[in-house]
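> Take a look at this one; I'll ask things after.
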C-alpha cells in the first residue's frame, strides 16, 4: 500500500518546538492587549519562554521558537510584513545573536537575569538600528533612546527573575539528571 | 537568585541608561546652521539659516510651507490633520526635526559649529 500525498516526517523535536512556540505566541497575544504609553515599549513576556527554551534545549531550538513566534504573531495580530513586524524581527535577530554569545558566560556567576538584560538591550538596539536606517532615516530618534533603554533594563530584569524562579521550581519538581533530554513542556 | 555577575550586568545596564539620558537630554546642544528639507524621503532643499525666506514644498496632501529665519526654522502651515509639526514651533538646535508624516515632508536642522574652534591637549 502506498501512502497518498506527501508525508512529512514529524520528529519529537518538531513537536516540542511547535508546543513551545505556541506558548510564546500566547504570551505575545496577551501582551498585545496591554496598552502601552510609548509605542514599542512592551514587557516582552514571550522572552521568558525563549530564555527557558535556550537554557533547556539550546540556542537552535530557541531560534526556531523565536522565529515561529514572530511569524505566527504577525499572522494573528494582522501585522505580518508591516514595519512593526520587521522591527520585531530585527529585535529578535539581534537578541538571539547576543544570546548566542552570552550563553557561554560562566553560569556560576551569570544567571538568567544577565542573559535577559543583555537580550533586552540587544532587542532595542536591533529595533532602533532598523528604525533609524529604514523608517526614519536622518531623524533624531535618539531623544527616545533613554526611554527604550530604561524599558529594556526594567523588563529585562523582571523577565530574568521570572526565568530564574521558574528554573528553581523546575529543579525542585524534576530530578536534575535528564531534564535536557525530553522533559515535558515547562508549565508556566 | 541573582549572582555576582548579574549585579555587574545590572550596573552596566544602569550606567548605559544614565549615559544615554545625559547624552540625549542634557548634553549641550549645538546651534544649527542648515535646514534640511525632505519630501517623500528625498532631500529637496538644503537651506543655510542666514536670512529669512519662506519655502513651499508640495506633498501628496498639498503644500507644506516652511519659514527660515537667521538661526531658526519652523513649519508654518501643513495640510496634515493633527498639525503636530506646525505645533512644534521654532526649531533652533542641531538635531531638531519636525515631521509632517501624512504629507511626507520633514524639516531637520543640522549644525557643524561646535562650541569650540579647536581643542589642544
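> Which condition number in (1) surrounded by fewer than 18 Cβ atoms within 10 Å (Cβ to Cβ); (2) over 20 Å from residue B:111 (Cα atoms) is the one that residue B:42 fails?
(2)
> Still on this structure, I have one more. Residue check, residue B:11 against (1) in contact with a helix residue (DSSP H, G or I) (Cβ under 8 Å, 6 or more places away or on another chain); (2) at pLDDT 90 or above, all met but one. Which one?
(1)
> Exactly one condition in (1) within 13 Å of chain A (Cβ to nearest Cβ); (2) under 16 Å from residue B:107 (Cβ atoms) is not met by residue B:13; state its number.
The one condition residue B:13 does not meet is (2).
> Can you tell me how many residues in the stretch B:80-114 are surrounded by fewer than 17 Cβ atoms within 10 Å (Cβ to Cβ) and outside any strand (DSSP E or B)?
Going through the stretch B:80-114 one residue at a time, the tally reaches 13.
> Please state which one of A:103, A:108 is under 19 Å from residue A:49 (Cβ atoms) and modelled with pLDDT under 95.
Working: A:108 fails: under 19 Å from residue A:49 (Cβ atoms).
So the residue among A:103, A:108 that is under 19 Å from residue A:49 (Cβ atoms) and modelled with pLDDT under 95 is A:103.
> Is one or more of the residues making up the stretch B:24-46 part of a helix (DSSP H, G or I), within 23 Å of residue A:134 (Cα to Cα), more than 12 Å from every other protein chain (Cβ to nearest Cβ) and in contact (Cβ under 8 Å) with a residue 12 or more places away in the chain?
Applying the first criterion (part of a helix (DSSP H, G or I)) to the stretch B:24-46 yields B:24-26.
Checking which are within 23 Å of residue A:134 (Cα to Cα) leaves us with B:24.
Filter once more, keeping what is more than 12 Å from every other protein chain (Cβ to nearest Cβ): none.
No.
> On to the next question. Among A:102, A:129, A:122, which is touching a residue at least 12 places away in the same chain (Cβ under 8 Å) and closer than 15 Å to residue B:5 by Cβ? Break it down into steps so the answer makes sense when it comes.
On the way: A:129 fails: closer than 15 Å to residue B:5 by Cβ; A:122 fails: closer than 15 Å to residue B:5 by Cβ.
Exactly one of A:102, A:129, A:122 is touching a residue at least 12 places away in the same chain (Cβ under 8 Å) and closer than 15 Å to residue B:5 by Cβ, namely A:102.
> Among the residues of the stretch B:50-64, is any under 13 Å from residue B:35 (Cα atoms), at pLDDT 90 or above and either within 14 Å of chain A (Cβ to nearest Cβ) or crowded, with 16+ Cβ neighbours inside 10 Å (or both)?
First pass over the stretch B:50-64, keeping only residues under 13 Å from residue B:35 (Cα atoms): B:50-55.
Imposing the further condition that a residue be at pLDDT 90 or above reduces the set to B:52-55.
Remaining after also requiring either within 14 Å of chain A (Cβ to nearest Cβ) or crowded, with 16+ Cβ neighbours inside 10 Å (or both): B:55.
So far as the stretch B:50-64 goes, yes, one or more of its residues are under 13 Å from residue B:35 (Cα atoms), at pLDDT 90 or above and either within 14 Å of chain A (Cβ to nearest Cβ) or crowded, with 16+ Cβ neighbours inside 10 Å (or both).
> Among the numbered criteria (1) more than 8 Å from chain B (Cβ to nearest Cβ); (2) modelled with pLDDT of 80 or more; (3) loosely packed, with under 13 Cβ neighbours inside 10 Å, which one does residue A:162 miss?
Unmet condition: (3).
The values are calculated or read from the model by the stated rules, or taken from the named source; none is laboratory data. Quantities reported herein were computed from a predicted structural model and do not represent experimental measurements. Quick reminder, even Gly has a Cβ in these numbers, built from the backbone with ideal geometry, and neighbours come from all protein chains shown.
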